[in-house]
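**Student:** Quick one: the structure is below, questions incoming.
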Amino acid sequence: MIELANASQKRAEVNVRQIGRTAEGRTIDWYTIEQVQNGAWREEEIAQDISGLSRPITVYRSSRKTNLIVYDWHGDKQTFCPPMWWDLAIGSGACGLGCRACFLMLTHRIKRDPSRHLLYDNLDDFLHVSEKWLLHPSRRRQHTLGVGIDRSDSLLYEGVVPHVRNLAPLFSDSIRNPNGNKLILLTKTANTHFLADILPTHRAKIVASFSLNPESIADLWEGKWPDTGERITHPISQRLEAVKYAQDLGFEARVRVDPILTPENWEEQYASFIADVKNIGINFRYWTLGTYRDSVEYGSMLFISAFCCSWISFVTRKLEEYR
């Protein structure tokens, strides 16, 4: 027993390194500091009246030179997830809302700051590459183009870099968008007031999708300010009002209820949430349901727990009542 303890202690001594530094002894944020110092990134504080959050948020800004549209093989003809969507890489690293176990927190390791989103602001380049994407010979009507749906938040920074408003005229143009492809937004914010700036004639091909959950579930999942524990994201009631506002403007509204969590009394919480949606008068065109994925414990692999079938059945039944 003593020999084992001594061996374990020696291994621990070998593996110890200074907290906050790399194996080479550099500070863990050396890469982000270097990018700011050499002028590649610009650090900027965004006021709360622009982001819609309860306090200012700091980001990095830069221009993206390559791979402005990202496309991965998400499935095939035999799976539930056919490869029909692309995404504009308007940002990089965690978006700043701090959701628990978000895969973007560690995607780039030390090359991104999890608390400071890298926001790309070369609007003309994103517009040009989107136009080429729409006119590509392989384009089909069912293909969609997201605005940072897998690597940012479509509306959190719209008051800083107006990607959505810059792209709207392009997608409404039948000559430049001959297949009628749709531009997909996804947000956890209540910033749909920016959509009012888009002309009514430019709204038909824009889909406003919202990542929502019951308030108590959002409290378990969505990020909190570390000093106060206050949730970073807008209250769900405010976000539902923002959905109704976008719907009233004429935008197609969709929802992602993801992840569905099952704490005590989860059925009542989701039933109440769905009832609130109905009572407000929101008519989501599609409901997307997702289960919990943990990027730390499960390596970003989809983890479907034993209660998966039960919540799918429950939520589906409630949605039928909703309709």
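The values are calculated or read from the model by the stated rules, or taken from the named source; none is laboratory data. All of these numbers come straight from a predicted model, not from anything done at the bench. Reconstructed Cβ throughout: ideal geometry from the backbone, glycine too, with neighbour counts over all protein chains shown.
**Student:** Select from the range 26-52 the residues that are surrounded by 13 or more Cβ atoms within 10 Å (Cβ to Cβ), closer than 30 Å to residue 190 by Cβ and either among the small types (Gly, Ala, Ser) or touching a helix residue (DSSP H, G or I) at 6+ places or on another chain (Cβ under 9 Å) (or both) and list them in ascending order.
**Tutor:** Result: 32, 41, 42, 43, 51, 52.
**Student:** Still on this structure, please answer the following. Of the residues that make up the range 226-244, is at least one touching a His at 6+ places or on another chain (Cβ under 9 Å) and farther than 17 Å from residue 148 by Cβ? Break it down stepwise before answering.
**Tutor:** Here is the first cut: in the range 226-244, the residues touching a His at 6+ places or on another chain (Cβ under 9 Å) are 242.
Applying the additional criterion that residues be farther than 17 Å from residue 148 by Cβ yields 242.
The answer is yes; a qualifying residue exists.
**Student:** Next up: For the structure I just gave you, tell me whether residue 172 is touching a helix residue (DSSP H, G or I) at 6+ places or on another chain (Cβ under 7 Å) and crowded, with 19+ Cβ neighbours inside 10 Å.
**Tutor:** yes
**Student:** What number of residues within the range 241-279 are of a type outside the set (A, V, I, L, M) and part of a loop (DSSP other than H, G, I, E, B)?
**Tutor:** Within the range 241-279, the subset of a type outside the set (A, V, I, L, M) is 241, 244-245, 247-248, 250-252, 254, 256, 258-259, 262-270, 272-273, 276, 278-279.
Pick out the ones that are also part of a loop (DSSP other than H, G, I, E, B) and you get 250-251, 258-259, 262-265.
Total meeting the criteria: 8.
**Student:** So, residue 248, is that one under 12 Å from residue 280 (Cβ atoms) and loosely packed, with under 15 Cβ neighbours inside 10 Å or not?
**Tutor:** Taking the combined requirement at face value, the residue satisfies it.
**Student:** While we're here: Quick check, is residue 227 without any contact (Cβ under 8 Å) to a residue 60 or more places away in the chain and either of a type in the set (Phe, Trp, Tyr) or farther than 25 Å from residue 269 by Cβ (or both)?
**Tutor:** Considered against the rule, which asks whether it is without any contact (Cβ under 8 Å) to a residue 60 or more places away in the chain and either of a type in the set (Phe, Trp, Tyr) or farther than 25 Å from residue 269 by Cβ (or both), residue 227 comes out as yes.
**Student:** Collect the residues in the range 109-126 that are farther than 26 Å from residue 225 by Cα and not acidic (Asp, Glu), keeping them in residue-number order.
**Tutor:** 122, 123, 126
**Student:** Follow-up. Take residue 76 and tell me if it is of a type in the set (Asp, Glu) and modelled with pLDDT under 60. I'd like the intermediate steps shown before the answer.
**Tutor:** Values: of a type in the set (Asp, Glu): yes; modelled with pLDDT under 60: yes.
So residue 76 fits the description; yes.
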